[in-house]
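Notes to accompany the following structure.
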Amino acid sequence: MLPLLSRRLAQRFFPHSNRLLTTYFFSTTSDHRGSNPSRPSPPPIQVLLTESAGRGVFATRSIEPGELIHTAKPFVSHPSISSIDKVCYFCLKNSVRRLGFQAPEVLFCSEECREQAKGFYEVEKEADWSAFVAHCRNRGLKYPFLAKRLACMVISGVTSEDSLDILQPARLSAEMISQMEEELCLLRGALEDSGVKDEQLTFLNIEWYAGVLARIRINAFRIELAGTSYDDLLALAAASVESEAAVGNAVYLLPSFYNHDCDPNTHIVWVENVEARLKALREIEAGEELRICYIDASMDRDARQNLLSNGFGFECNCPRCMSND
Ligand SMILES: [Zn+2]
Ligand SMILES: [Zn+2]
């Protein structure tokens, strides 16, 4: 049960009740678990405001260990540079057949993915991205690709320019913002040269770009596919040796509302593509907050605190950290 203050705040921010907010962010369903498969039950969670950590995700009933709590499709995703010729440009599925692949075309694993990618790809494919890609590649930047894809989605009208505003932003230094100016210039230049009209680019200024990057920085997930076949396992092992197991990065809405714990009760996994699966690691009681671990939980306390403070801007007060473990 939440304290009164949080409930009041919750009412102010989400006046139409939290249930609506929760429902709005589900692109998906939970296990059917014996109910009528044609009418899947809603996932057993709700988003509420917490006392100390902003929004959080809470169980609405008890959840069993290993249970699939819900799945989530990304709001925006992009393959990593090293995977771009190996995975689906939309869903990041691995081992895509390379038949018919001709540079500079990108790969899609299915007609469905090609269709869904139209929202950004129709705009993107008209532009020459070589300067933008070279700039990001030389600096090892991965997040500008997500911003580029989002910009193309806004231009084509499939999403609005403020669609990520609901997510928590990172604090940016003046130096970080001045570095972003250069990326923005290349991004805007590529779109202008491809013939996108000025009035379609009015949103694409440094305030928008820095605001988007600030949100991507702390909300993007690095996607590593667990895979389902022996071939996938071999590919993953080889990728780990090359220290690049990630097939890409993605931003989700609902999964971003999960708070962190160094000894989490929930984890997020990817099996064959970018669709995220939130699973219970142990038994969770009704009303308990569901938390995931944002970092490698095997690190010691100091290393975890450092990473969380520098990367995510908070000091972790989870029970494990408080007991100096
Ligand atoms: Zn695909
Ligand atoms: Zn902790």
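We did not get these values from a lab; they are worked out from the coordinates using the rules stated. Keep in mind the model is a prediction, meaning the values are calculated, not measured. No Cβ is skipped: glycine too gets one built from the backbone with ideal geometry, and neighbour counts run over all protein chains shown.
Assorted remarks:
- Label point distance in nm, Glu283-Met299, each placed 7 Å from Cα along Cα→Cβ: 3.3 nm
- 3J(HN,Hα) along the range 73-87, derived from phi through the Karplus expression 6.51 cos²θ - 1.76 cosθ + 1.60 where θ = phi - 60°, amounts to 8, x, 7, 8, 9, 7, x, 6, 3, 6, 9, 4, 9, 10, 10 Hz, with x in place of Gly and Pro.
- The stretch between Asn205 and Glu224 holds 3.6 nm of extra length on full extension. This uses 0.36 nm per residue minus the Cα-Cα distance.
- Using a Förster distance of 41 Å, the FRET efficiency for Ser41-Asp128 (Cβ separation, nearest 0.05): 0.25
- Modelled spin-label separation between Asn306 and Ala174, with each label point placed 7 Å from Cα along the Cα-to-Cβ direction: 2.8 nm.
- In plain terms, the residue of Cys152, Cys318, Cys293 with the fewest other Cβ atoms within 10 Å comes first and the most crowded comes last, giving Cys318, Cys293, Cys152.
- Nearby aspartates and glutamates by direct alpha-carbon distance to Lys142 (threshold 14 angstrom, same-chain neighbours under 8 apart not counted): Glu183, Glu244
- Exposure proxy ranking, count of Cβ atoms within 10 Å, fewest first, for Thr159, Thr202, Thr266: Thr202, Thr159, Thr266
- Exceeding the 29 Å Cα-Cα cut-off - candidates Lys93/Lys197; Lys118/Lys279; Lys93/Lys125: Lys93/Lys197; Lys118/Lys279
- Ranked by how many other beta carbons lie within 10 Å on average, peptides 51-59, 249-257 from highest: 249-257, 51-59
- Our coupling estimate for the range 108-125, obtained by passing each phi through the Karplus curve with A = 6.51, B = -1.76, C = 1.60 and θ = phi - 60°, is 10, 7, 7, 5, 4, 5, 4, 5, 5, 6, 3, x, 10, 6, 4, 7, 4, 6 Hz, Gly and Pro reported as x.
- Which of Glu199, Glu126, Glu275 has the fewest Cβ neighbours within 10 Å, and the rest in rising order: Glu199, Glu126, Glu275
- Computed over every Cα-Cα pair of the range 77-227 and binned at 10 Å starting from 0, the pair-distance distribution P(r) comes out as 10, 40, 38, 11, 1 percent.
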